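*Asks:* This is the structure, below, for whatever I ask next.
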Amino acid sequence: MPVALDHLAELTAFRDRDLLDTTLAGALKDLLAPEMLALYRCVGEGEAQRWLLRARLCRGDLVANADTLWTDVDQLPSVHSQPERLACLRSQQVLAGTTAAPGQHVTFFPLACARDAEGVVEVHSTTPLDLEAQRLVLGVLRVYCNFQALLDDNERDMLTRLLNRKTFDDCFWRATALPTAPAAALSAPPDPADARRHGTPQSAWLAVIDIDHFKRVNDSFGHLMGDEVLLLLSRLMRSSFRFHDHLFRFGGEEFVVLMRCPNQAGAAAALERLRLNVRGHHFPQVGRITISIGYTQLRAGDTPQAAFERADQAVYYAKQHGRDQACHHAVLVAQGALQDASRTSEVELF
């Protein structure tokens with residue numbers, strides 16, 4: 001029991017969700033001493049859902065293996081490729097079976113902390129896990145899910161369940177700390193062979209999204225219908241972007257996206273997909289709405305304030321010149337439509 005308590009204390013010591021998953025895997029490995037233990041997330045939508053490996057530890061491993069969060073979702077295994085794992089997820093029941101290897105047993109544990117945190121913990125052992133061991137795992141998973149819920153309450157907007165504004169700076173610094181594509185790679189089409197070996201080069205982008213004439217919606221239909229529009233827009237954002245893109249509600253009708261794309265064309269395509277999805281959606285009672293978008297590529301030495309200012313300049317330009325469009329800040333500056341007034345600095349003054 002003291003060992004289990006030590007692991008629970010370590011599990012709840014982190015606020016980083018990546019570390020939380022690897023810590024969970026490490027804790028269960030130490031408690032069960034299995035041949036292999038893995039944590040999988042279910043990502044994607046509908047029939048296109050895939051298995052994302054969040055942490056895998058084999059006997060003797062000191063560091064967990066995992067898929068990168070910016071991996072191409074189409075390269076991940078389909079949820080239907082692992083029927084036992086999928087049955088565990090859908091039934092929310094512990095399932096036990098055997099593997100192809102002789103003397104190997106596998107036990108599947110469901111993990112359903114939230115809509116975007118559904119998964120399965122898979123334990124491979126030389127003997128079946130007894131009921132006491134299963135209860136131990138389920139107890140640790142309950143603590144893990146409860147802690148995830150506490151993080152969600154602190155980090156997510158109460159209405160839309162998107163990330164809230166106070167989480168933005170931390171996500172921004174993580175995005176800028178990841179490996180970035182060289183400038184030449186951003187203008188050239190990606191080499192498929194390199195993409196298979198190393199992953200497609202990526203750059204980080206920030207977009208500000210504003211609902212057109214939202215005050216008119218509130219004035220005409222009331223704030224309850226305005227909230228319904230915000231909720232439906234958040235769902236359209238979830239379905240329009242990838243599982244690893246960071247989606248924020250900054251307040252009111254203002255939303256922000258942090259994403260990684262191989263080039264400007266990829267960023268523009270993702271934002272245009274959202275714009276068209278919103279434009280083509282029928283909002284109950286309200287009818288059709290449109291959005292204006294401004295976006296910018298993150299630069300070396302950028303601060304959250306500087307990058308947001310550039311995207312905000314672009315969205316303001318979009319709203320002043322017809323609305324229902326996505327404008328790239330650098331293009332507007334090159335055309336002379338905007339002056340680049342943003343300042344980048346390694347030191348935050350505010």
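*Asks:* Here is a check on your reading of the model: is Arg165 out of contact with any strand residue (DSSP E or B) (no Cβ under 6 Å at 6 or more places or on another chain), surrounded by 13 or more Cβ atoms within 10 Å (Cβ to Cβ), charged (D, E, K, R) and at pLDDT 80 or above?
*Replies:* The answer is no for Arg165.
*Asks:* With the requirement that a residue be more than 20 Å from Phe172 (Cα to Cα) and surrounded by 16 or more Cβ atoms within 10 Å (Cβ to Cβ), what does the range 306-322 give you?
*Replies:* Tyr316, Tyr317, Ala318, Lys319 - these are the residues of the range 306-322 that are more than 20 Å from Phe172 (Cα to Cα) and surrounded by 16 or more Cβ atoms within 10 Å (Cβ to Cβ).
*Asks:* From the list Ala311, Ala269, which residue is free of Cβ contacts under 8 Å to residues at least 12 places away in the same chain and either in contact with a strand residue (DSSP E or B) (Cβ under 6 Å, 6 or more places away or on another chain) or of a type in the set (Gly, Ala, Ser) (or both)?
*Replies:* Working: Ala311 fails: free of Cβ contacts under 8 Å to residues at least 12 places away in the same chain.
One residue alone meets the criteria, Ala269.
*Asks:* Still on this structure: Filter the range 245-303 for residues that are of a type in the set (S, T, N, Q) and more than 16 Å from Asp227 (Cα to Cα) and give the result.
*Replies:* Asn263, Gln264, Asn277, Ser292, Thr296, Gln297, Thr303
*Asks:* Now a separate question. Please work out which residue is nearest to the chain's Cα centre (by Cα), limiting yourself to the range 122-162 and to residues that are of a type outside the set (Lys, Arg), assigned to a loop (DSSP other than H, G, I, E, B) and crowded, with 18+ Cβ neighbours inside 10 Å.
*Replies:* The residue in question is Leu162.
*Asks:* Return the residues of the range 60-106 that are among the hydroxyl-bearing types (Ser, Thr, Tyr) and in contact (Cβ under 8 Å) with a residue 12 or more places away in the chain; say none if nothing qualifies.
*Replies:* Within the range 60-106, Thr68, Thr71, Ser78, Ser81, Ser91, Thr99 qualify.
*Asks:* Regarding Gly251, is this residue over 26 Å from Asp74 (Cβ atoms), assigned by TED's automatic domain parsing to the domain that holds Cys327 and at pLDDT below 95?
*Replies:* It is true that Gly251 is over 26 Å from Asp74 (Cβ atoms), assigned by TED's automatic domain parsing to the domain that holds Cys327 and at pLDDT below 95.
*Asks:* So, in the range 32-59, of the ones that are closer than 17 Å to Leu86 by Cα and free of Cβ contacts under 8 Å to residues at least 40 places away in the same chain, which residue ends up surrounded by the fewest Cβ atoms within 10 Å (Cβ to Cβ)? Don't jump to the end; show me each part of the working.
*Replies:* First, pick out the residues of the range 32-59 that are closer than 17 Å to Leu86 by Cα: 37-54.
Applying the additional criterion that residues be free of Cβ contacts under 8 Å to residues at least 40 places away in the same chain yields 46-51, 53.
On the way: Gly46: 6, Glu47: 8, Ala48: 11, Gln49: 19, Arg50: 22, Trp51: 24, Leu53: 18.
Out of the qualifying residues, it is Gly46.
*Asks:* Say whether the condition of being closer than 18 Å to Val123 by Cα, within 19 Å of the chain's Cα centre (by Cα) and not in a helix (DSSP H, G or I) is met by at least one residue in the range 20-37.
*Replies:* No; the residues of the range 20-37 include none that is closer than 18 Å to Val123 by Cα, within 19 Å of the chain's Cα centre (by Cα) and not in a helix (DSSP H, G or I).
*Asks:* Within the range 111-130, is even one residue under 23 Å from Ala9 (Cβ atoms), without any contact (Cβ under 8 Å) to a residue 60 or more places away in the chain and out of contact with any helix residue (DSSP H, G or I) (no Cβ under 9 Å at 6 or more places or on another chain)?
*Replies:* Looking for residues that are under 23 Å from Ala9 (Cβ atoms), without any contact (Cβ under 8 Å) to a residue 60 or more places away in the chain and out of contact with any helix residue (DSSP H, G or I) (no Cβ under 9 Å at 6 or more places or on another chain), one finds none in the range 111-130, hence no.
*Asks:* Taking the criterion of being farther than 20 Å from Glu118 by Cβ, at pLDDT 90 or above, part of a helix (DSSP H, G or I) and not charged (D, E, K, R), would at least one residue in the range 54-67 satisfy it?
*Replies:* No, every residue in the range 54-67 fails to be farther than 20 Å from Glu118 by Cβ, at pLDDT 90 or above, part of a helix (DSSP H, G or I) and not charged (D, E, K, R).
*Asks:* Quick one: how many residues across the range 72-100 are among the hydrophobic types (A, V, I, L, M, F, W, C) and closer than 30 Å to Gln202 by Cβ?
*Replies:* Qualifying residue count, the range 72-100: 5.
*Asks:* Just to be sure before I move on: is Asn154 touching an Asp or Glu at 6+ places or on another chain (Cβ under 8 Å) and farther than 16 Å from Ala25 by Cβ in the structure I sent?
*Replies:* Criteria not met by Asn154.
The values are calculated or read from the model by the stated rules, or taken from the named source; none is laboratory data. Values in this document were obtained by computation on a predicted structure and should not be read as measured data. Glycine gets a Cβ as well: all are built from the backbone with ideal geometry, and neighbour counts include every protein chain shown.
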